[in-house]
Every structure is written in C-alpha cells, then in structure tokens.
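**Q** Just passing along the structure, written as structure tokens.
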C-alpha cells in the first residue's frame with residue numbers, strides 16, 4: 001500500500017510527537033483535535049522540538065520548513081476523507097477511543113487503514129467497533145515520540161497481513177524500530193514497566209523509602225536513566241492508573257492491584273508534570289518530592 005497522507009486524532013503529547021516524526025519522514029499530516037488550544041500548542045511544540053534538532057545538526061533548516069508545511073490542523077473528522085492511514089492518539093480511555101473510532105469510520109475511504117496508539121487496551125475490542133477490523137491494528141509509540149526509537153506493533157485477531165506489512169513499513173520509514181506484541185493487556189513494554197512503577201509506589205506507601213531514596217536507588221542501583229516515581233510523573237499518574245486497571249481487570253491477578261496511594265494521588269488531581277504536581281512538586285526550578 002502506498003501511504004502518503006496520515007491523519008492523527010488527538011493533539012496532545014503523543015499526537016503532536018507522532019505528527020512530528022510523520023512530517024519529517026515526508027508524509028502529509030492532518031492533525032485533528034476538538035480543542036483549538038491543543039492544536040496551537042501542538043504546532044508550537046513541534047516547531048520547538050524540530051528547532052532543537054536543527055540546532056544539534058540532526059535536521060536541516062530546509063527539512064524543518066518542509067515538515068512544518070506538511071502539517072494541517074482542524075477539528076472535524078471529515079478532514080480524513082483522503083487519509084491513507086489514521087492514527088488514533090486520544091487519551092487512554094476505552095470508551096473515549098471507542099466513541100471516536102465509531103465517529104471516524106463514516107469519513108474514511110474504503111481502503112484506509114486505522115491504527116491506535118493505545119498503550120494497554122485490547123486491539124481486538126477496539127477494532128470491533130469499526131467497519132474494518134482487518135485493516136485495524138495497534139501502533140504503540142513511546143514517549144517522547146521524536147526521541148524514543150521503539151514502536152510496538154500489535155495485531156488484533158482479525159488484522160490481515162497486508163495491514164501489518166503496511167504499518168510495519170510505515171514505522172521503519174519514520175526511523176523507528178519495531179517489536180511485535182500479541183494482543184494481551186498492556187502488550188510488552190507496559191506489562192513489564194507499569195507493575196515496576198506500581199511496586200515503587202507501594203514501596204513509598206509502605207514507608208520502605210521516601211520519593212528521593214526510591215528514585216535514587218533505581219537510578220544508581222539499577223542504572224535506570226530516571227527513577228520510577230519521576231517516570232510516573234512524566235507518563236502521567238492517571239495514565240499509570242488506567243494501565244494498572246487494564247492489567248488487573250484483564251488478567252485477574254492480584255499482583256496487578258493498583259496501589260491505593262496511586263489512586264489517592266489521581267483523585268487529588270496530582271497527575272505529575274502535566275498538572276505541576278505528582279510525586280514531585282514542579283512549582284520551582286528544581287522539583288521537590290511531595291513525600
């Protein structure tokens with residue numbers, strides 16, 4: 001399949017990152033979000049991040065200008081009428097994703113593919129609400145998208161080989177490397193990563209160590225580039241909790257039970273970097289642990 005035009009639903013951190021790498025790879029991109037402010041912020045973020053690549057000699061100024069010119073924005077799903085692939089990158093909430101996918105289908109051409117950037121939700125279930133389960137699959141990018149090399153590729157039960165091959169080729173043309181995962185809750189990366197983060201929150205909850213000692217221990221003792229609680233703040237505590245719920249409900253194993261402290265932080269609206277407070281308070285230049 002000759003993919004030239006890519007649609008992206010959701011102009012948040014993930015959607016803007018996907019638009020960034022798609023446009024730099026030479027694809028025409030339509031970025032859609034119901035919030036005009038989100039689209040404005042996304043374009044500013046993409047420009048700032050590509051400017052950083054230019055300053056480091058990774059991208060030329062000409063390539064930057066061409067990439068930015070390939071991105072169009074809007075709020076209507078009808079903008080995807082000529083898209084070859086639409087990548088759904090809405091918030092990690094199954095009902096929201098199902099509603100969006102149902103609304104999207106009438107606007108697509110018959111041979112358009114759909115990919116979802118879900119980090120944990122069943123590809124088969126999401127595909128079932130569309131009119132094209134064979135042309136639907138998971139394409140899970142890592143955050144931040146322009147920096148992280150991996151894309152997890154996940155087939156649903158009905159995904160055909162042509163769709164898989166086309167999305168695999170698209171990933172490679174974006175400069176990514178791929179790992180193929182089966183359609184089990186949270187796939188590979190988050191099946192391993194999120195229980196570790198959840199266990200770090202339990203370690204905090206039970207008083208084994210404070211925020212600073214836990215993060216220092218994993219950075220220096222396990223050579224992790226970022227401590228698990230700092231990483232949770234970066235991901236978003238609401239997203240972490242959502243993925244733990246998917247694991248707990250999908251696998252029916254008590255080892256995936258979300259830590260009550262994680263639940264409490266989310267209930268308080270302390271969601272991490274995006275709200276200015278999580279396991280760290282980001283009000284000052286140097287983040288301060290909240291416990």
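**Q** How much length, in nm to one decimal, is gained on full extension between residue 267 and residue 158, taken as 0.36 nm per residue of separation minus their Cα-Cα distance? Don't skip to the end; give the middle numbers.
**A** Working: separation 109, 0.36 × 109 = 39.24 nm, distance 3.73 nm.
Residue separation times 0.36 nm, minus the Cα-Cα distance, leaves 35.5 nm.
**Q** Here's something else I'd like to know. Work out, step by step, the length gained on full extension between residue 128 and residue 251: first 0.36 nm times the residue separation, then minus their alpha carbon distance; give nm to one decimal. Working shown, then result.
**A** Working: separation 123, 0.36 × 123 = 44.28 nm, distance 2.05 nm.
Contour length minus the Cα-Cα distance gives 42.2 nm.
**Q** Expressed as a whole number of Å, what is the distance separating the alpha-carbon centroids of region 221-238 and region 5-68?
**A** With region 5-68 and region 221-238 each reduced to a Cα centre, they are spaced 25 Å.
**Q** Between 106, 228, 258, find the one with the highest GNM mean-square fluctuation for the chain; connect C-alpha pairs within less than 10 Å.
**A** Maximum among the listed residues: 106.
**Q** OK, next. Specify the angular offset, from 0 to 90 degrees and rounded to the nearest 10, of the alpha carbon long axis of helix 161-173 from the longest principal axis of the alpha carbons in the chain.
**A** Between helix and principal axis, roughly 70 degrees.
**Q** Now for a different question. Label region 189-282 by shape, choosing from rounded, prolate and oblate, from the square roots a ≥ b ≥ c of the eigenvalues of the Cα gyration tensor; if a/c is under 1.5 it is rounded, and otherwise prolate applies when a/b is larger than b/c, oblate when it is not.
**A** Numbers: a/c = 1.57, a/b = 1.19, b/c = 1.32.
Oblate, since a/c reaches 1.5 and b/c is not below a/b.
**Q** Between residue 148 and residue 199, take the C-beta separation as r, use R0 = 25 Å, and let me know the FRET efficiency to the nearest 0.05. Show your work: numbers first, answer last.
**A** Working: r = 23 Å, r/R0 = 0.91.
Efficiency computed from Cβ-Cβ geometry: 0.65.
**Q** For region 5-181, take the convex hull of the Cα atoms, compute a quarter of its surface area, and give me that in nm², please.
**A** Details: hull surface 35.2 nm².
Spelled out: convex hull of the Cα atoms, projected over all directions, averaged, 8.8 nm².
**Q** Counting only C-alpha contacts under 8 Å and six or more residues apart, can you give the relative contact order of the chain as a whole percent? It would help to have the intermediate numbers written out before the result.
**A** Numbers: 510 pairs, mean separation 38.1, N = 291.
Once normalised by length, the contact order is 13 percent.
**Q** Given a 10 angstrom Cα cut-off, can you work out which residue in 271, 218, 237 is the most mobile in a GNM of the chain?
**A** Residue with maximal mean-square fluctuation among 271, 218, 237: 218.
**Q** Compare 255, 176, 58 in a GNM of the chain, Cα atoms joined below 10 Å, and give the one with the largest fluctuation.
**A** Top of the fluctuation ranking is 58.
**Q** Ok, one more. Roughly speaking, what is the stretch gain from residue 99 to residue 56, that is 0.36 nm per residue apart minus the C-alpha to C-alpha distance, in nm to one decimal?
**A** Numbers: separation 43, 0.36 × 43 = 15.48 nm, distance 4.11 nm.
Value of the extension gain: 11.4 nm.
**Q** Within region 93-115, name every residue whose backbone N is under 15 Å away from a label modeled 7 Å from Cα of residue 78 along the Cβ vector.
**A** Hits in region 93-115 for residue 78 at 15 Å: 104-109.
**Q** Next question. Report, to the nearest 10°, how far helix 211-221 tilts away from the longest principal axis of the Cα atoms in the chain, using its own Cα long axis and a range of 0 to 90°.
**A** 70
**Q** Still on this structure, I have one more. Okay, helix-only estimate at 222 nm for the chain: each DSSP H run of n ≥ 4 adds -39500 (n - 2.57), divide by all residues, round to 500 deg cm²/dmol; what do you get?
**A** Numbers: 11 runs with 129 residues, N = 291.
My calculation for the chain gives -13500 deg cm²/dmol from helical runs alone.
Bear in mind these aren't lab numbers, they're just calculated from the coordinates by the rules spelled out. What you see is a predicted model, and the numbers here were worked out from it, not measured in a lab. Every residue, glycine among them, receives a Cβ derived from its backbone with ideal geometry; neighbour counts consider all protein chains shown.
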